1. Could you list all residues from the range 56-86 that are at negative phi and under 15 Å from the mean Cα position of the chain (by Cα)?
2. Just one of Thr147, Thr181, Thr134 is assigned to a strand (DSSP E or B), touching a residue at least 24 places away in the same chain (Cβ under 8 Å) and touching a helix residue (DSSP H, G or I) at 6+ places or on another chain (Cβ under 7 Å); which is it?
3. Would you point out which residue out of Ile116, Ile158, Ile99, Ile95 is farther than 20 Å from Arg35 by Cα, at pLDDT below 95 and either touching a Gly at 6+ places or on another chain (Cβ under 8 Å) or not hydroxyl-bearing (Ser, Thr, Tyr) (or both)?
4. Quick one: count up the residues across the range 63-89 that are of a type outside the set (A, V, I, L, M, F, W, C) and in a strand (DSSP E or B).
5. Return a yes/no flag: does the range 187-201 have any residue that is modelled with pLDDT under 90 and surrounded by 11 or more Cβ atoms within 10 Å (Cβ to Cβ).
6. Any idea how many residues of the range 30-55 are over 13 Å from the mean Cα position of the chain (by Cα) and surrounded by 18 or more Cβ atoms within 10 Å (Cβ to Cβ)?
7. Filter the range 165-186 down to residues that are of a type in the set (Ser, Thr, Tyr) and within 23 Å of the chain's Cα centre (by Cα) and give me whichever is surrounded by the fewest Cβ atoms within 10 Å (Cβ to Cβ).
8. Among the residues of the range 107-136 satisfying the criterion of being closer than 23 Å to Ser211 by Cβ and surrounded by fewer than 18 Cβ atoms within 10 Å (Cβ to Cβ), which is nearest to the chain's Cα centre (by Cα)?
Amino acid sequence: MKILVCVKQVTDLDTHLEIDSKTGWIREHDAGQYRMNRFDEYALEEAMQIKESFSGVFVDAISVGPKRVGETLKNAIAHGADNGIHILHTANGYIPSYIIASLIAGFAKDKSYDLILTGVMSEDLMQSQVGPMTAAMLNVPCATSVTKEKLDIGKYSIDVECEMQSGLAQTAVMALPALITIQSGINQPRYPSLSNKLRSMKQELITIKQSTFEITLENDFCLSYPEKPGTGVMLEGTKDEKAEKLLKIFYEKSLLK
């Protein structure tokens, strides 16, 4: 069985964020100020538990982004992944979910993965789009916000329980191959073992240039700082004087006639 885990590198929450006027996106920081998306840690741990429960399971971790993303993939290997696949995306600024999903699907379409796992969302954008989009592009069933899963190798299927609103849950049985997005709390992500840490330092990543895939990389998205809100007016004087001033403001603003 082959499992693909999608991991994203995000800015550490303690990092001071600034908008880069050239790219219209968050200004780049030192590599040490980035880490793996917490939700993807749960997806990676779930893949590790499946690997430990069944024989012949191989787990690959994949990520899209610039050169610094390689450190997050090395971390995935340190946590037990067999291989790290880096789709090198050199464009600066925001990468739309559609592009990320297209690149992941472009890589995975002929690799015969039985199961693809992603975190339920990313900590920075919280869009929950890459997983379902990737599933649609690969034409495989998808379940989101999964809080429980159980593989049935004999039937080549997976049973899932998905979190819904108002404390409700939905169960489903999906034929493999399939894609599921993992909700936090499904497990307790492990610490990397020393042996896997040493392996991650020596093991080369599989690096693929974005140009390998025929995808139009367009980006018309940019961030901006919120506009400064209007300042308040403090009324001074006695109660009658403040009431008179307030009525005058209402008339001037055409709030009273």
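1. Residues satisfying the conditions are Ala61, Ile62, Ser63, Val64, Val69, Thr72, Leu73, Ala76.
2. Thr181
3. Just one listed residue meets the conditions, Ile99.
4. 5
5. Looking through the range 187-201, none of the residues is modelled with pLDDT under 90 and surrounded by 11 or more Cβ atoms within 10 Å (Cβ to Cβ).
6. 7
7. Going through the qualifying residues, I end up with Ser184.
8. Top of the filtered list is Lys109.
The values are calculated or read from the model by the stated rules, or taken from the named source; none is laboratory data. Because the structure is predicted, anything quoted here is derived from the model rather than measured. Glycine gets a Cβ as well: all are built from the backbone with ideal geometry, and neighbour counts include every protein chain shown.
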